[in-house]
Amino acid sequence: MVGSSRPTDYPTNRPADQPTMSRLVVIADAETALGFQLAGVQVVRAEDAERAQTLLYELLNDASVGLIAVSGALMERFDDATRRRVETSYAPVVVSLPTGGPAMGFASRREYLAALIRRAIGFHITFPGEEKGK
């Protein structure tokens with residue numbers, strides 16, 4: 001893509017001439033899914049990690065999807081190969097939805113959100129009340 005700032009070392013399944021508007025899809029258990037459905041988000045339900053992984057790989061190959069959010073409880077049970085695929089996916093971006101306290105190795109949800117934003121757009125975002133340089 002001419003003039004694109006997209007790093008070339010990240011895998012993508014998106015054709016160069018495809019518009020940039022993308023869909024958000026949430027993979028979650030029935031209980032978690034309800035809240036997102038009420039908010040108008042597209043949700044696919046998975047009651048176990050195996051089904052969630054199958055759905056995830058289908059969505060990773062769908063060029064219309066830009067962001068996949070997976071319930072943290074499901075993502076924690078993904079096998080190593082799927083975790084590596086999630087960590088290296090640039091388009092679409094895959095994020096874990098925290099299901100309680102701090103998310104997977106972060107001291108707070110705020111730190112987790114900042115890391116997700118940094119991964120998605122390449123910039124550190126400073127939230128109100130956060131010290132610069134942290």
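The values are calculated or read from the model by the stated rules, or taken from the named source; none is laboratory data. Not measured: the values here are computed from a predicted model. Because the Cβ atoms are built from the backbone with ideal geometry, glycine has one as well, and the counts that use them run over all protein chains shown.
Here are the numbers:
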{"quantity": "Matching residues, region 57-74, being farther than 14 Å from ALA91 by Cβ and of a type in the set (A, V, I, L, M, F, W, C)", "calculated": "ALA69, VAL70, ALA73, LEU74"}
{"quantity": "Region 64-82, subset among the charged types (D, E, K, R) and closer than 21 Å to ARG45 by Cβ, residue modelled with the lowest pLDDT", "calculated": "GLU76"}
{"quantity": "Residues (surrounded by fewer than 17 Cβ atoms within 10 Å (Cβ to Cβ) and either over 18 Å from ASP29 (Cβ atoms) or touching a Phe, Trp or Tyr at 6+ places or on another chain (Cβ under 8 Å) (or both)) located in region 39-65", "calculated": "GLY40, TYR57, ASN61, ASP62, ALA63, SER64"}
{"quantity": "Residue satisfying condition, being over 22 Å from ARG23 (Cα atoms), buried (at least 16 other Cβ atoms within 10 Å of the Cβ), among the small types (Gly, Ala, Ser) and at pLDDT below 85, within set ALA114, ALA103", "calculated": "ALA103"}
{"quantity": "Residues being part of a helix (DSSP H, G or I) and surrounded by fewer than 14 Cβ atoms within 10 Å (Cβ to Cβ) - total across region 66-82", "calculated": "2"}
{"quantity": "Neighbours by Cβ (under 8 Å, 6+ apart or cross-chain): first from region 78-89, over 11 Å from ALA52 (Cβ atoms) and free of Cβ contacts under 8 Å to residues at least 12 places away in the same chain; second part of a loop (DSSP other than H, G, I, E, B) and of a type in the set (Lys, Arg)", "calculated": "none"}
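Residue-by-condition table, conditions (1) more than 14 Å from the chain's Cα centre (by Cα); (2) aromatic (Phe, Trp, Tyr); (3) within 19 Å of ALA115 (Cβ to Cβ):
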site: ILE27; (1), (2), (3): no, no, no
site: ALA52; (1), (2), (3): no, no, no
site: ALA69; (1), (2), (3): no, no, yes
site: ASP79; (1), (2), (3): yes, no, no
site: ARG85; (1), (2), (3): no, no, yes
site: PRO98; (1), (2), (3): no, no, yes
